[in-house]
Amino acid sequence: MRILLVGAGGVGAAFAAIAARRDFFETIVVADYDLGRAETAAAVDERFTGAQVDASSADSVAALCRQHDITHVMNAVDPRFVMPIFDGALAAGADYLDMAMSLSRPHPETPYADCGVKLGDEQFAQADAWTAAGRLALVGIGVEPGLSDVFARYAADHLFAEIDELGTRDGSNLTVEGYEFAPSFSIWTTIEECLNPPVIWEKERGWFTTPPFSEPEVFDFPEGIGPVECVNVEHEEVLLMPRWVDCKRATFKYGLGEEFIDVLKTLHKLGLDRTDKVRVGGVEVSPRDVVAACLPNPAELGPVMKGKTCAGLWVTGTGKDETGQPTGPRSTYLYHVVDNEWTMREYGHQCVVWQTAINPVVALELLARGTWAGTGILGPEAFDAVPFLDLLTEYGSPWGVQEVTSA
């Protein structure tokens, strides 16, 4: 396996650090628009090489793939670059993985009721081409989406006879010392997913949208994190899970906190969430890029972060026993908690980017072994969950199951 890792920032650098401890691949080419950053990330292992790439150009991605005989392209950059990297991989005859899918566009007339262009629509529109080429695009294989989708497959296969709701729930008790406002993940991506109309799926209705931050609820997260208010946010799980897992409803709720929500609302009111460029003096800039440039780099916050982050899936419905017979109502949270102190000590990367990065490394190892295999455009739900969860535990990062008695 010869991997092209596009993006040497926070998640990309964490991916490289995790992969360096494994032996399932021949080489990893770490590529970034900033060659110096790529070479720094590649310096962790002699099997790695740094390279420069223009992630906005499918031709640039394809040329780099051909130059290094790449078999698998791992996309670790902002979702605005999904399509050129996705197209470049197919053009070069390589398989493809990403942690976020092609961007959505709200419905022009009823954005808070109806879907416009959904997350991943541009990719799924090319499913026939990927199948015809005999290539695999494994989409949404970070932590959320990604591990949460693996949990959905596991719940359907092993825990539930009938699923009422697949509810992804994400929360933390992280604090960042010395900053009044310092997101632990890309603010560009956070603005995109939090201010777009959230998507919900229901079997009788299909996909539909609601206003941002709708349906607030308090969810009690495990391992000392405790109660966190969660709200609806646009996310890929809702667009992926119903394609492969039978359920009545699918949702995604994020534990943002009142202050974070207020900041995002203010950015929106001021137009600072916009991606189209405005002229300032003699320079054209994107307001969202300016916001990102003014905030601290999330990848550099690890030394001043404290606490844990939790990603998981709350599943409700009818449980089943080992023979597959229904056992009555069940409410279960499958989760993965990571402590920032541990990831900083063991890997030198903060917990949010590390938790995101470990999952595509696990997936690539399963693909290298032949344990996971397929063609076309597939989500994590399309594969057997048990080998993934076993290997995740082998990596030293176990997952958990908790019965939920109340929200």
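Restricting to segment 328-346, what's the tally of residues that are part of a strand (DSSP E or B) and surrounded by 13 or more Cβ atoms within 10 Å (Cβ to Cβ)?
Of the residues in segment 328-346, 10 are part of a strand (DSSP E or B) and surrounded by 13 or more Cβ atoms within 10 Å (Cβ to Cβ).
Being within 26 Å of Asn297 (Cβ to Cβ) and in contact (Cβ under 8 Å) with a residue 40 or more places away in the chain is the filter here, so list the residues in segment 322-345 that pass it.
Result: His336, Val337, Val338, Asn340, Thr343, Met344.
Can Pro198 be described as open to solvent by less than 10 Å² (accessible area, probe 1.4 Å), touching a helix residue (DSSP H, G or I) at 6+ places or on another chain (Cβ under 7 Å) and within 30 Å of Pro298 (Cβ to Cβ)?
Considered against the rule, which asks whether it is open to solvent by less than 10 Å² (accessible area, probe 1.4 Å), touching a helix residue (DSSP H, G or I) at 6+ places or on another chain (Cβ under 7 Å) and within 30 Å of Pro298 (Cβ to Cβ), Pro198 comes out as no.
Within segment 210-231, is there a residue that is in a helix (DSSP H, G or I), over 16 Å from the mean Cα position of the chain (by Cα) and touching a residue at least 40 places away in the same chain (Cβ under 8 Å)?
The answer is no; no qualifying residue exists.
Select, from Ala133, Ala137, Ala155, the only residue that is farther than 26 Å from Phe81 by Cβ and either touching an Asp or Glu at 6+ places or on another chain (Cβ under 9 Å) or in contact (Cβ under 8 Å) with a residue 24 or more places away in the chain (or both).
None of the other options fit; the residue is Ala155.
Can you confirm whether segment 3-16 contains a residue that is modelled with pLDDT of 95 or more and surrounded by fewer than 24 Cβ atoms within 10 Å (Cβ to Cβ)?
no
Which of the residues belonging to segment 168-195 are among the β-branched types (Val, Ile, Thr) and out of contact with any helix residue (DSSP H, G or I) (no Cβ under 7 Å at 6 or more places or on another chain)?
Within segment 168-195, Thr175, Thr190 meet the criteria.
Being part of a helix (DSSP H, G or I), surrounded by 24 or more Cβ atoms within 10 Å (Cβ to Cβ) and of a type in the set (D, E, K, R) is the filter here, so list the residues in segment 122-178 that pass it.
Within segment 122-178, just Asp149 meets the criteria.
For segment 348-366, name all the residues that are buried (at least 21 other Cβ atoms within 10 Å of the Cβ) and either assigned to a strand (DSSP E or B) or not β-branched (Val, Ile, Thr) (or both).
His349, Gln350, Cys351, Trp354, Gln355, Ala357, Asn359, Pro360, Ala363, Leu364, Glu365
Would you mention how many residues in segment 58-91 are open to solvent by less than 30 Å² (accessible area, probe 1.4 Å), part of a loop (DSSP other than H, G, I, E, B) and out of contact with any Lys or Arg (no Cβ under 6 Å at 6 or more places or on another chain)?
1
If I filter segment 231-251 for residues that are of a type outside the set (Val, Ile, Thr), open to solvent by 20 Å² or more (accessible area, probe 1.4 Å) and more than 30 Å from Val337 (Cβ to Cβ), do I get at least one hit?
no
Could you list, in sequence order, all residues of segment 34-73 that are touching a residue at least 60 places away in the same chain (Cβ under 8 Å) and more than 25 Å from the chain's Cα centre (by Cα)?
His68, Asp69
Residue-wise test of (1) over 15 Å from the mean Cα position of the chain (by Cα); (2) on the phi > 0 side of the Ramachandran plot; (3) of a type outside the set (A, V, I, L, M).
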residue: Phe81; (1), (2), (3): no, no, yes
residue: Leu90; (1), (2), (3): yes, no, no
residue: Ser102; (1), (2), (3): no, no, yes
residue: His107; (1), (2), (3): yes, no, yes
residue: Pro111; (1), (2), (3): yes, no, yes
residue: Ile141; (1), (2), (3): no, no, no
residue: Asp149; (1), (2), (3): no, no, yes
residue: Arg153; (1), (2), (3): yes, no, yes
residue: Asp170; (1), (2), (3): no, no, yes
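So is Val280 open to solvent by 30 Å² or more (accessible area, probe 1.4 Å), free of Cβ contacts under 8 Å to residues at least 24 places away in the same chain and within 30 Å of Leu267 (Cα to Cα) or not?
Answer is yes for this residue.
Here are Val263, Val245: which of them is in contact (Cβ under 8 Å) with a residue 40 or more places away in the chain, β-branched (Val, Ile, Thr) and in contact with a Leu (Cβ under 7 Å, 6 or more places away or on another chain)?
Only one candidate qualifies: Val245.
Test of understanding: among Thr323, Thr343, Thr375, which residue is touching a Ser or Thr at 6+ places or on another chain (Cβ under 8 Å) and on the phi < 0 side of the Ramachandran plot?
After ruling out the rest, the residue left standing is Thr375.
The values are calculated or read from the model by the stated rules, or taken from the named source; none is laboratory data. These figures come from a predicted structure and were not determined experimentally. Heads up, the Cβs are rebuilt from the backbone with ideal geometry, glycines too, and the neighbour counts pull from every protein chain shown. We work out accessible area using only protein heavy atoms, side chains counted, and drop any ligands, DNA or RNA first. Shrake-Rupley method; radii C 1.70, N 1.55, O 1.52, S 1.80 Å.
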